[in-house]
Ligand code: AHR
């Protein structure tokens, strides 16, 4: 049986912002310490204390934006503890994540240096839950104010004359939960107050203000915030985690069968509906879509790896995670008219990580390779894909076997991402491109894919190349189409060029 995909280059929802391929790093477990920061005296290769292998791996996938310092940690973080001479910095107890001692060796200067080295934008989450308006205002001034300002002067004293560029500032995190247990109505007023003091010191680089938003299907939160403060924000966040089981028993990251595979992918697909529904609520108050929906925490969440601290959220990453990443990124691409940023939780050693480290070793997870392939969509014009897919059924439920998104880059090339969700069946897919001005016969086409023989295949420190990108072939068929065989449980990326028109005689 044949699946058919027709890419319509005339039907687009707009530009896929590069920030949809963003990431998130919290002071949690081994996410920052070990994962990113090893310090200037480490024997592990580093640049100014920042792990070299991690810097190189993140640069290679063109990480566009990084969110820091939390998460729940953000609402108990006092930024002044993390500046000045490292030996003079105050310690604190990280009460959200295992009560470990945080020595504040990685602070504002180290974070912005990281962003400079990654050539990515910064997204800082401010402390609303336990911090004052003054503290937040001061932090923004410290980061972006001129040397002549009080906080800009302090920054210069600490070795940095020039202000940094701050693209996004988050006003709290999960203010309905760990960020203060507020009601939507209360937080809406708090948001209005705090955002007032995010002063804009740099005319040419305005800070975009992100309100702490909803999670899952809590539409009331979105409604109240939009109604009360839409005109005072650039974005509102949404958190959605894919959990195969329940919050109490989430399920193993690696020890699972076909049932858990199906359930996990089905739950990942729920994001599509959530973005529609939150988007429709937003449309009521912002019909011109000036406010972005910012999915600043997403990804899989399983029980921690046996033998590791429950509070550190360290989990392995398998081919199943690659499929979840592909589905989620396709969904973001296809909601580019509302979703302006998304941040996978979390970059290194925490939850659905891109990278895992152990001492001086580092492995790239299957999720990392999906981001490597999908980077081709950053900044492109999204295109609608008309999909005729077979269904993948399990115990009376069914989901589409093929999941996809497509875009056109500035050179006119077409990029198509596809995931075959079925664990056992390959999919033969016929691909064509159409547009109002007649056909777009496919000329050159290059494909790559990610798969493995087992659904729970993963990259370990002993076997780091179990799941890696491989090349893929296509067969040209009549009418300027191509036919490809998408292996079972795989993610593929195609770049296609239009065939040159025949020269007129
Ligand atoms: O990403 C882990 C935690 O999940 C974050 O700290 C919090 O915002 C969310 O509940």
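Can you tell me what percent of all Cα-Cα pairs in the chain are more than 44 Å apart?
Numbers: 17966 of 127260 pairs.
Beyond 44 Å sits 14 percent of the P(r) for the chain.
Only Cα pairs under 8 Å and 6+ residues apart enter the sum, and on that basis the relative contact order of the range 39-178 stands at 25 percent. Sorted fewest first by neighbouring Cβ atoms within 10 angstrom, 7, 198 come out as 198, 7.
Here the range 182-290 was treated as a single set of alpha-carbon atoms; its pair distances binned every 10 Å from 0 give 13, 35, 26, 18, 8, 1 percent. Counted over the chain, the DSSP beta bridges are approximately 60% antiparallel. Going by alpha carbons, how many degrees (0 to 90, nearest 10) lie between the helix axis of 133-144 and the longest principal axis of the chain? Between helix and principal axis, roughly 70 degrees.
Which semi-axes, in whole Å and largest first, does the equivalent ellipsoid of the range 153-205 have when worked out from the alpha carbon gyration tensor as the square roots of 5 times its eigenvalues?
On the way: eigenvalues 174, 36, 18 Å².
For the range 153-205, the semi-axes come out at 30, 13, 9 Å.
Each of 451, 252 has some number of other Cβ atoms within 10 Å of its Cβ, and from fewest to most they run 252, 451. Sorting 310, 227 by the number of Cβ atoms found within 10 Å of their own Cβ, with the fewest placed first, yields 310, 227. Per the Cα gyration tensor, the range 400-495 maps to an equivalent ellipsoid with semi-axes of 28, 14, 11 Å, ordered largest to smallest. For the range 390-436 versus the range 369-386, the spacing of their alpha-carbon centroids is 13 Å. Once the gyration tensor of the Cα atoms in the range 67-194 is diagonalised, the equivalent ellipsoid follows with semi-axes of 24, 18, 13 Å, ordered largest first.
Per residue, how big is the convex hull around the C-alpha atoms of the range 125-165? Give it to me in cubic angstrom, could you? Can you show the working numbers first?
On the way: hull volume 2.6 nm³, N = 41.
Hull volume over Cα atoms, normalised by residue count, gives 64 Å³.
Here the contact order of the chain, divided by its residue count and restricted to Cα pairs under 8 Å and six or more residues apart, works out to 19 percent.
Just how many % of Cα pairs in the range 197-355 lie over 29 Å apart, if you round to the nearest whole percent?
On the way: 3242 of 12561 pairs.
So the portion of pairs separated by more than 29 Å is 26 percent.
Roughly how tilted is helix 258-285, in degrees to the nearest 10 and between 0 and 90, from the longest Cα axis of the chain? Helix 258-285 sits at roughly 70 degrees to that axis. In the range 389-505, Cα pairs under 8 Å separated by at least six residues give a relative contact order of 33 percent.
Diffusion of the range 265-333 by Stokes-Einstein, at 4 °C in a medium of 1.567 mPa s and with Rh set to the Kirkwood radius over alpha-carbon pairs, works out to 91 µm²/s.
Measuring between their Cα centroids, the range 55-91 and the range 195-254 lie 19 Å from each other.
Once both labels are positioned 7 Å from their Cα atoms along Cα-to-Cβ, the gap between residue 425 and residue 43 label points is 5.5 nm. Its Kirkwood hydrodynamic radius, worked out from the mean inverse distance over all distinct Cα pairs, puts the range 296-384 at 14.0 Å.
Each value in this text was obtained by applying a stated rule to the coordinates, not by laboratory testing. Fair warning: this is a prediction, and the values are worked out from it, not measured in the lab. Please note: Cβ atoms are built from the backbone with ideal geometry, for glycine as well, and neighbour counts cover all protein chains shown.
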